[in-house]
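Asker: Could you have a look at this structure, given as C-alpha coordinates, before my questions?
The values are calculated or read from the model by the stated rules, or taken from the named source; none is laboratory data. Being a predicted model, the structure only gives us computed values, none of them experimental. All Cβ positions, glycine included, derive from the backbone under ideal geometry; neighbour counts span all protein chains shown.
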Amino acid sequence: MNFFGLLVDKGVLPAGDRSAVEAELAKGRPLADVLAEHGVSLAETLAEVGGAYGIPSRVLGDPPVAQEAFSYIPIDSARHYGFVPLAVAEGVLEVGITDPDNIEALDARIAAPNLGCATGKVADPCLWRTLRVRIHTH
(Lines give C-alpha, C1' and ligand atoms only; values in the text may rest on other atoms or scores of the structure.)
Protein backbone atom coordinates (compact mmCIF):
# COMPACT_ATOMS: atom_id res chain seq x y z
CA MET A 1 0.00 0.00 0.00
CA ASN A 2 1.23 3.48 -0.82
CA PHE A 3 0.86 5.27 2.52
CA PHE A 4 1.07 8.86 1.26
CA GLY A 5 -0.98 8.09 -1.83
CA LEU A 6 -3.76 6.84 0.43
CA LEU A 7 -3.64 9.99 2.56
CA VAL A 8 -3.78 12.20 -0.55
CA ASP A 9 -6.60 10.14 -2.11
CA LYS A 10 -8.65 10.38 1.10
CA GLY A 11 -8.11 14.14 1.27
CA VAL A 12 -6.23 13.90 4.57
CA LEU A 13 -2.95 15.23 3.13
CA PRO A 14 -3.02 17.94 0.44
CA ALA A 15 -1.42 16.61 -2.76
CA GLY A 16 0.92 19.60 -2.89
CA ASP A 17 2.31 18.74 0.57
CA ARG A 18 3.25 15.15 -0.19
CA SER A 19 6.78 15.81 -1.48
CA ALA A 20 7.56 18.14 1.42
CA VAL A 21 6.36 15.57 3.96
CA GLU A 22 8.42 12.80 2.35
CA ALA A 23 11.51 15.05 2.29
CA GLU A 24 11.15 15.87 6.00
CA LEU A 25 10.75 12.20 6.89
CA ALA A 26 13.87 11.36 4.87
CA LYS A 27 15.74 13.68 7.25
CA GLY A 28 14.70 11.44 10.15
CA ARG A 29 12.00 13.68 11.59
CA PRO A 30 9.15 12.01 13.50
CA LEU A 31 6.08 11.20 11.39
CA ALA A 32 3.62 12.73 13.87
CA ASP A 33 5.55 16.03 13.96
CA VAL A 34 5.81 16.33 10.19
CA LEU A 35 2.15 15.49 9.63
CA ALA A 36 1.05 17.95 12.34
CA GLU A 37 2.95 20.73 10.56
CA HIS A 38 0.80 19.98 7.52
CA GLY A 39 -2.45 19.94 9.49
CA VAL A 40 -2.77 16.16 9.72
CA SER A 41 -3.18 14.39 13.06
CA LEU A 42 -1.60 11.02 13.77
CA ALA A 43 -4.98 9.67 14.92
CA GLU A 44 -6.60 10.72 11.62
CA THR A 45 -3.75 9.14 9.66
CA LEU A 46 -4.00 5.85 11.55
CA ALA A 47 -7.78 5.79 11.13
CA GLU A 48 -7.45 6.10 7.34
CA VAL A 49 -4.72 3.47 7.06
CA GLY A 50 -6.52 1.12 9.45
CA GLY A 51 -9.72 1.59 7.48
CA ALA A 52 -7.94 0.72 4.23
CA TYR A 53 -6.78 -2.57 5.79
CA GLY A 54 -10.04 -3.20 7.62
CA ILE A 55 -8.33 -3.21 11.02
CA PRO A 56 -8.78 -0.94 14.04
CA SER A 57 -6.21 1.72 14.87
CA ARG A 58 -5.34 3.85 17.87
CA VAL A 59 -2.68 6.13 19.22
CA LEU A 60 -1.07 4.58 22.27
CA GLY A 61 -1.44 6.31 25.62
CA ASP A 62 1.00 6.62 28.47
CA PRO A 63 1.89 4.04 29.59
CA PRO A 64 1.50 2.66 26.08
CA VAL A 65 0.76 -0.98 26.94
CA ALA A 66 -0.13 -3.27 29.80
CA GLN A 67 2.97 -5.09 31.04
CA GLU A 68 1.00 -8.36 31.24
CA ALA A 69 0.73 -8.41 27.43
CA PHE A 70 4.51 -8.76 27.07
CA SER A 71 4.42 -12.18 28.72
CA TYR A 72 2.86 -13.58 25.53
CA ILE A 73 5.31 -12.27 22.92
CA PRO A 74 9.09 -12.14 23.38
CA ILE A 75 10.56 -8.69 22.84
CA ASP A 76 13.01 -9.97 20.20
CA SER A 77 10.09 -11.32 18.17
CA ALA A 78 8.22 -8.04 18.51
CA ARG A 79 11.25 -6.12 17.21
CA HIS A 80 11.94 -8.55 14.38
CA TYR A 81 8.38 -8.72 13.06
CA GLY A 82 7.39 -5.09 13.76
CA PHE A 83 4.55 -5.71 16.17
CA VAL A 84 3.88 -5.25 19.85
CA PRO A 85 1.45 -6.77 22.32
CA LEU A 86 -0.90 -4.02 23.53
CA ALA A 87 -3.24 -5.59 26.07
CA VAL A 88 -5.11 -8.69 27.10
CA ALA A 89 -8.84 -8.10 27.27
CA GLU A 90 -11.63 -10.66 27.48
CA GLY A 91 -9.33 -13.50 26.44
CA VAL A 92 -7.97 -11.63 23.41
CA LEU A 93 -4.35 -10.55 23.01
CA GLU A 94 -4.42 -7.20 21.21
CA VAL A 95 -1.43 -6.82 18.93
CA GLY A 96 -0.33 -3.66 17.15
CA ILE A 97 1.52 -4.07 13.87
CA THR A 98 3.41 -1.48 11.85
CA ASP A 99 3.04 -3.21 8.48
CA PRO A 100 -0.22 -5.13 7.96
CA ASP A 101 1.11 -6.30 4.56
CA ASN A 102 3.85 -8.29 6.32
CA ILE A 103 2.41 -11.81 6.13
CA GLU A 104 5.36 -13.25 8.06
CA ALA A 105 4.53 -10.99 11.01
CA LEU A 106 0.84 -11.84 10.86
CA ASP A 107 1.68 -15.56 10.92
CA ALA A 108 4.15 -15.15 13.79
CA ARG A 109 2.07 -12.94 16.06
CA ILE A 110 0.21 -15.70 17.89
CA ALA A 111 2.41 -17.04 20.68
CA ALA A 112 -0.36 -17.63 23.19
CA PRO A 113 -2.31 -20.79 22.33
CA ASN A 114 -5.15 -20.07 24.78
CA LEU A 115 -5.82 -16.54 23.54
CA GLY A 116 -7.47 -15.22 20.42
CA CYS A 117 -5.59 -12.44 18.66
CA ALA A 118 -6.86 -9.07 17.41
CA THR A 119 -4.54 -6.93 15.28
CA GLY A 120 -4.52 -3.16 14.93
CA LYS A 121 -2.34 -0.63 13.10
CA VAL A 122 0.32 1.12 15.18
CA ALA A 123 2.54 3.93 13.92
CA ASP A 124 6.26 3.07 14.04
CA PRO A 125 7.19 5.70 16.66
CA CYS A 126 4.58 4.21 19.01
CA LEU A 127 6.00 0.72 18.53
CA TRP A 128 9.54 1.68 19.40
CA ARG A 129 8.45 3.77 22.37
CA THR A 130 6.56 0.75 23.64
CA LEU A 131 9.56 -1.52 23.23
CA ARG A 132 11.79 0.95 25.09
CA VAL A 133 9.33 0.93 27.99
CA ARG A 134 9.53 -2.85 28.13
CA ILE A 135 13.33 -2.92 28.02
CA HIS A 136 13.80 -0.35 30.77
CA THR A 137 11.28 -1.81 33.19
CA HIS A 138 12.87 -5.26 33.45
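Asker: Test of understanding: among 112, 118, 87, which residue is outside the structural domain of residue 18 (by TED's automatic domain parsing), at pLDDT 80 or above and outside any helix (DSSP H, G or I)? Talk me through it step by step, then tell me what you get.
Answerer: Details: 112 fails: at pLDDT 80 or above; 118 fails: at pLDDT 80 or above.
On inspection, the qualifying residue turns out to be 87.
Each row is one residue, and each column tells you yes or no for (1) within 18 Å of residue 122 (Cβ to Cβ); (2) of a type in the set (Gly, Ala, Ser); (3) touching a helix residue (DSSP H, G or I) at 6+ places or on another chain (Cβ under 6 Å).
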| position | (1), (2), (3) |
| --- | --- |
| 53 | yes, no, no |
| 60 | yes, no, yes |
| 90 | no, no, no |
| 93 | yes, no, no |
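Asker: I've got another one for you. Name the pairs: first residue in the stretch 64-90 and basic (Lys, Arg), second residue surrounded by fewer than 19 Cβ atoms within 10 Å (Cβ to Cβ), Cβ to Cβ under 9 Å, at least 6 apart or on different chains?
Answerer: 79/128; 79/131
Asker: In the stretch 45-76, what residues are surrounded by 15 or more Cβ atoms within 10 Å (Cβ to Cβ), of a type outside the set (Val, Ile, Thr) and assigned to a helix (DSSP H, G or I)?
Answerer: 46, 47, 48, 50, 52, 53, 69, 70
Asker: Being free of Cβ contacts under 8 Å to residues at least 12 places away in the same chain, in the same structural domain as residue 121 (by TED's automatic domain parsing), over 16 Å from residue 121 (Cα atoms) and not charged (D, E, K, R): is that true of residue 26 here? Break it down into steps so the answer makes sense when it comes.
Answerer: Numbers: free of Cβ contacts under 8 Å to residues at least 12 places away in the same chain: yes; in the same structural domain as residue 121 (by TED's automatic domain parsing): no; over 16 Å from residue 121 (Cα atoms): yes; not charged (D, E, K, R): yes.
When the stated conditions are applied, residue 26 does not pass them.
Asker: How about the stretch 1-20: which of its residues are assigned to a loop (DSSP other than H, G, I, E, B) and surrounded by 16 or more Cβ atoms within 10 Å (Cβ to Cβ)?
Answerer: 12, 13
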